[in-house]
Amino acid sequence: MLPDMDTDPDLCAHLGYRQTVDDCRADRIGAGGLTISTLETLLRRLSPAIERLQDAHASGQIPFLRLPSARADLEALEPYAEHYQRRFDDVLILGTGGSSLGSRALYEMADREADRLRRAPQLHIITNVDPFVWDRLIRRLDYRKTGIVVISKSGGTTETMMQFLSLLPVVMEQLDAEDLRRHVTLITEPGDNPLRRLGARYRIPVLDHDPKVGGRYSVLSVVGMLPTMIAGLDAVETREGAQRVLDQAFAAKDNPAACPAAVGAAVSVGLQMERSIAATVMLAYSDRLGSLARWYRQLWAESLGKNGLGTTPVYATGPVDQHSQLQLWLDGPADKMFTVMGGPNDMSGAAIDPALAEDPRLSYLVGRSMGDLMDASRRATAETLARRGRPVRRIELARIDEGAMGALMMHFMLETVLAADLMGVDPFDQPAVEDGKVLIRRYLAERGDAS
């Protein structure tokens with residue numbers, strides 16, 4: 001019989017977060033939950049899967065697993081980060097998908113009122129190509145005080161190349177070619193590609209992106225770490241958090257029930273198999289964690305949505321979506337798993353003065369703060385969902401900082417790879433996406449021919 005699935009308190013203190021999945025189990029929430037027998041079976045299957053990951057780590061076959069312990073690459077990035085911090089007030093990060101979502105999650109987690117972050121440039125991490133928003137951003141920046149980092153693993157990503165090529169004329173209205181190479185850094189894989197050719201043409205520095213690290217697994221690589229360092233965040237601490245999760249996972253290969261990432265994978269896959277769960281809702285109870293949920297959405301969807309399998313990741317914000325979606329979640333189709341995620345109330349706010357809440361209907365607010373409301377909302381939503389038989393996983397951060405973010409990111413990457421093992425799909429490819437990319441290029445070419 002499995003022990004309770006609560007993360008051990010000592011382990012929670014070590015990793016920086018606590019995962020609780022008891023309210024995903026049938027013995028707790030009824031017919032909507034996962035049976036113990038299925039959970040036990042899936043966890044047993046994950047023991048050899050973790051061992052295979054450990055072997056792949058040792059051999060370097062899965063390079064993103066080696067990044068948490070690496071330090072030489074961070075040392076090589078320090079001069080670039082210091083250059084951007086010393087010279088610029090603003091830094092544009094151009095990329096799409098995995099080239100920008102990870103660094104945005106880390107940046108938006110940060111307390112930018114901290115001294116070391118206030119001294120750093122403001123990052124503008126571009127994740128889309130909306131021409132209205134794009135034009136207004138690039139037209140208001142002073143490029144004499146703005147740095148630019150362009151990220152494309154392939155060196156030919158349509159969205160990123162459109163961003164950079166449309167930006168260059170605007171930048172060169174203020175800078176000459178000599179200045180350009182001091183303001184711009186390119187990140188792309190080795191070999192001949194359009195971005196490298198542009199770099200050679202303008203003598204712009206180019207940093208290598210490991211071609212074996214896919215975009216959605218690249219947050220701990222140069223792709224995520226250079227923006228993190230420019231922003232004044234601690235890249236070493238981020239990687240150390242990831243390393244703690246990786247070490248703990250490998251140590252638990254003979255007992256996957258003690259590995260939070262393995263438990264998360266078994267619960268998610270088991271609920272899809274046994275209860276036809278079609279969507280996994282990540283409900284973030286902190287604005288600082290919202291972009292982490294959006295990063296997770298790509299990781300889960302693109303890695304597992306294959307061969308008619310996979311669950312649709314949905315990002316939601318608490319308590320906002322309690323008012324807009326909770327009715328559906330409670331009384332609509334029982335086809336969703338929920339991850340309710342939040343951190344400590346570091347800034348709880350002022351308590352309500354009794355003199356301002358004399359109305360008897362407001363008496364419950366007296367002495368309470370905004371942080372109290374957020375905490376009560378998170379607890380109430382999770383409990384209400386579980387009482388309705390909806391499977392609920394809780395993830396509570398002991399702190400919201402670089403180490404905890406690195407830990408959670410590694411947790412979700414491992415959880416995704418282990419879920420793929422259970423499902424029998426390759427977590428590192430995305431064959432269906434390529435059809436859309438081909439059509440985008442064709443449509444753009446046809447429009448050019450027509451004009």
> How large, in percent, is the carbon and sulfur part of the accessible surface of the chain at a probe radius of 1.4 Å?
Replying inline: 50 percent
> What is the list of residues in the range 421-436 whose amide nitrogen lies under 17 Å from a point 7 angstrom out from the Cα of Asn307, following Cα to Cβ?
Replying inline: 421-433
>> Can you compute the charge dipole magnitude of the range 163-291 about its Cα centre, using +1 on each Lys and Arg Cβ and -1 on each Asp and Glu Cβ, nothing else charged? Give it in debye, rounded to the nearest 20.
In response: 240 debye
> Which distance in nm do the two modelled labels at Ala76 and Lys437 give, with both placed 7 Å along the Cα-to-Cβ direction?
Replying inline: 2.4 nm
> Along each of its three principal axes, how wide is the spread of alpha-carbon positions in the range 366-451, in whole angstrom units, largest first?
Replying inline: 67, 38, 34
> For Gly389, which sequence-distant residues (separation of 5 or more, or a different chain) have an amide H within less than 5 Å of its own amide H, given hydrogens modelled in the peptide plane?
Replying inline: none
> Where Rh is the Kirkwood radius over the Cα pairs of the chain, the temperature 25 °C and the viscosity 0.890 mPa s, what D in µm²/s does Stokes-Einstein return?
Replying inline: 105 µm²/s
> Not counting the cut sites, what is the longest span of the chain without GluC sites (Glu not before Pro) that DSSP labels loop and that have at most 16 other Cβ atoms within 10 Å?
Replying inline: 174-357
> How many nm separate the modelled label positions at Arg140 and Leu117, each set 7 Å beyond the Cα in the direction of the Cβ?
Replying inline: 2.1 nm
>> Can you compute the helix-only [θ] at 222 nm over the chain? Use -39500 (n - 2.57) per DSSP H run of at least 4 residues, normalise by all residues, nearest 500 deg cm²/dmol.
In response: -16000 deg cm²/dmol
> Which whole-Hz couplings ³J(HN,Hα) result when phi for each residue of the range 385-400 is put into the Karplus expression 6.51 cos²θ - 1.76 cosθ + 1.60, θ = phi - 60°, listed in order with x for Gly and Pro?
Replying inline: 4, 5, 5, 8, x, 8, x, 10, 9, 10, 10, 10, 8, 6, 7, 10
> Does the range 99-180 classify as rounded, prolate or oblate by the C-alpha gyration tensor (a ≥ b ≥ c root eigenvalues; a/c under 1.5 gives rounded; else a/b over b/c gives prolate, otherwise oblate)?
Replying inline: oblate
>> Taking θ = phi - 60°, what integer Hz values does the Karplus form 6.51 cos²θ - 1.76 cosθ + 1.60 yield along the range 297-314, in sequence order, with x for Gly and Pro?
In response: 4, 5, 3, 6, 5, 6, 7, 10, x, 9, 6, x, 10, x, 10, 7, x, 10
> Using θ = phi - 60° and the Karplus curve 6.51 cos²θ - 1.76 cosθ + 1.60, what whole-Hz ³J(HN,Hα) does each residue of the range 367-384 get, with Gly and Pro shown as x?
Replying inline: x, 9, 10, 4, x, 4, 5, 4, 5, 5, 5, 5, 5, 5, 5, 4, 5, 5
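The values are calculated or read from the model by the stated rules, or taken from the named source; none is laboratory data. None of the values given here were measured: they were computed from a predicted structure. Cβ sites come from the backbone with ideal geometry, for glycine too, and all protein chains shown count toward neighbours. Please note that ligands, DNA and RNA were not included when accessible areas were found on the heavy atoms of the full protein model with its side chains. Shrake-Rupley method; radii C 1.70, N 1.55, O 1.52, S 1.80 Å.
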